[in-house]
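Reading through the structure tokens given below for one structure.
The values are calculated or read from the model by the stated rules, or taken from the named source; none is laboratory data. Note that the structure is a prediction, hence the values are computed from the model and not measured. No Cβ is skipped: glycine too gets one built from the backbone with ideal geometry, and neighbour counts run over all protein chains shown.
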Amino acid sequence: MLTHVSRFILACLALLLTAKFTRATDTSSQLIFFGTWPHHLVVFDSAQEKIVDNIDLKSDVPRTLILSPDKSKIYASTLNDNAIVTIDVATRKLLSSFTLNHDNQNVRLVGLAPDPTGNYLFAIATIISKKMDHYDVDPPKFIVIDLAAKKITRTAAFPPDEGTFGFRTTIKLSPDGKLLYLFRENILVFDTSEFRLVKKIDLAKPQVPDMENLSVNLLDDPNELPGKITSVFNTADVIIHRRVFGIGTVDLSNLSFDFTPIAPAPGTGTMTPLFLTPNRKTGYTVSITGDPGNRRCEFWAFDIPSRKLIRSREFDGRTRFSFGLSADGTKLLIYGAGYQITVYDAATFEQRSDVDVPGDMTTNLVVLPLASPSASAPAASNNSPSLVR
């Protein structure tokens, strides 16, 4: 007859064997990468709703993350040393790291996008030179970063009459890499060979009258069609100038708009970027209305084929936050400006969990698409001493 101690030992062995087998055969993971203070890249499994790895970048605070065109690498730009760090998604190892700063010059990036080959990064940068008793701030310019050479290999002046840039400026390249799109209050299109301005679309005067505030994603939606951007924005009719919002799709190949008005626009408010489910039939965003002392935050779900609002629900929003969606489209993620990711069920809008993060979040999320092998077969990292639980 087994004693209580024997039963306890056998139970522990069974649990260990089960955990080992589950880790080796589990293919249900859905990995998301994001940066945290002071210089780490954290891996979050949205399927299990837990942190599974913590990668030390060994450089500086990550500021922006982008995924390579083949989904195999993540490029991180950092805050103070303005470095470009490349991480292999499958092994979670650092492949390279180099700073863009040199001598007395500080290269501040305000936009970042990979070319289709994955060999170059395109960006808009402001170069600050430290002098004996002052700093010289150059006008913004286009730069091309050669990832193999680990340096800036091309620069070109940005049109001086096109204004300044915010903290995170969205730029994207066309599928053939020949055009660069800059999204702000308008859309500027440049050729990538000489950086000539070839087209300017004023979002206040396009095919749809008074279109503005295009809420394009900072980075790619993993479920968006290649070369397309589906988003929400406001417009006004030409008769009584009533403000309405709608959903539109931008085709980066020919810069065409497909816009459908949906409802009156919120009086004082904003919307987060729109994210699509894998079948692209449903899109989710967050509506924020009212002033900071009396704000209302709501999840909104849209039927994309008909472009109709089908569900909404208020939730307790943070003072400042960002919004994301899991790769399978079943979980809504509220993150940023803190040490937690709050997970909500996309079908019910009910809160599922609060996931503690090992550091203040400093970047956007990079959500690996379901088709990516690395998204469902996580490998142990050699860059961090232990797994963060």
message: I want to confirm something. Restricting to region 227-243 and keeping residues that are part of a strand (DSSP E or B) and at pLDDT 75 or above, which single residue is surrounded by the fewest Cβ atoms within 10 Å (Cβ to Cβ)?
response: 228
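Test of understanding: among 74, 128, 84, 51, which residue is in a strand (DSSP E or B), among the hydrophobic types (A, V, I, L, M, F, W, C), at pLDDT 95 or above and over 30 Å from residue 252 (Cα atoms)?
Criteria check complete, one pass: 51.
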- prompt: Which of the residues spanning region 87-114 are in a loop (DSSP other than H, G, I, E, B) and either surrounded by fewer than 20 Cβ atoms within 10 Å (Cβ to Cβ) or polar (S, T, N, Q) (or both)?
  reply: 90, 91, 93, 101, 103, 104
message: Pull out all pairs, ordered by first then second residue, where Cβ-Cβ is under 8 Å, the residues are six or more apart or on different chains, the first lies in region 80-108 and is free of Cβ contacts under 8 Å to residues at least 12 places away in the same chain, and the second is of a type in the set (D, E, K, R) and part of a loop (DSSP other than H, G, I, E, B).
response: none
- request: Answer yes or no: is there a residue in region 64-71 that is of a type in the set (D, E, K, R) and over 24 Å from residue 336 (Cβ atoms).
  value: yes
message: Criterion first (aliphatic (A, V, I, L, M), surrounded by 19 or more Cβ atoms within 10 Å (Cβ to Cβ) and touching a Gly at 6+ places or on another chain (Cβ under 9 Å)) does residue 124 satisfy it?
response: yes
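Select, from 224, 212, 194, the only residue that is farther than 30 Å from residue 33 by Cβ and modelled with pLDDT of 90 or more.
Step by step, each of 224, 212, 194 is checked, and only 194 is farther than 30 Å from residue 33 by Cβ and modelled with pLDDT of 90 or more.
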Complete set of residues in region 46-72 that are farther than 14 Å from residue 92 by Cα and of a type in the set (Asp, Glu): 49, 60, 70
